[in-house]
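Participant: Quick one: the structure is below, and I'll ask about it shortly.
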Amino acid sequence: MLMDDITTQEQTIVKKKKKRAFISAKDCLGCKNCYLNCRRKVIKHKKSFIGGYCFVNEEECIGCGNCLKMCLNNCITLREVNTNN
């Protein structure tokens, strides 16, 4: 097939859906269980006056779900995100 035969629609980049962890800051207890058990070290802890909370660098997260299993307060969810990779 020649390049001229390929339609514009076929040339469009297909977006893949991948899962990424999301931590609800308002529900996070700041226990750091997810932070300490993240294999990729993409979860960070932010200190605050009432202890702190954790958050995920969603661009680095691979969606393995390990943090989800470790969360004591069930405030972590895996969300589908569109990527070009």
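Values quoted throughout were computed directly from the atomic coordinates according to the rules given, and no laboratory measurement underlies them. These numbers were taken from a predicted model, which means no experiment stands behind them. Don't worry about glycine lacking a Cβ; one is built from the backbone with ideal geometry, like all the others, and counts go over all protein chains shown.
Participant: Around residue 71, which amide H atoms from residues at least 5 apart in sequence, or from another chain, sit under 5 Å from its own amide H, with H modelled in the peptide plane?
Facilitator: none
Participant: Please compute the length gained on full extension between residue 77 and residue 48, using 0.36 nm multiplied by the number of residues separating them and subtracting their Cα-Cα distance.
Facilitator: Going from the current span to full extension adds 8.2 nm.
Participant: Does the range 17-83 come out rounded, prolate or oblate, given a ≥ b ≥ c as the square roots of the eigenvalues of its C-alpha gyration tensor, rounded meaning a/c under 1.5 and, failing that, prolate meaning a/b above b/c?
Facilitator: The shape class here is prolate.
Participant: Using θ = phi - 60° and the Karplus form 6.51 cos²θ - 1.76 cosθ + 1.60, what ³J(HN,Hα) does each residue of the range 38-54 get, whole Hz, x for Gly and Pro?
Facilitator: 6, 5, 8, 6, 9, 9, 10, 10, 10, 6, 9, 5, 9, x, x, 8, 9
Participant: Of the cross-linked pairs 17/44; 19/47; 19/41; 17/47, which ones have a Cα-Cα span greater than 22 Å in the structure shown?
Facilitator: The pairs that break the limit, which is 22 Å between Cα atoms, are 17/44; 19/47; 17/47.
Participant: Counting only other residues whose beta carbon sits under 12 Å from that of residue 70, what net charge do I get with K and R as +1, D and E as -1?
Facilitator: Once all neighbours under 12 Å are counted, the net charge is +3.
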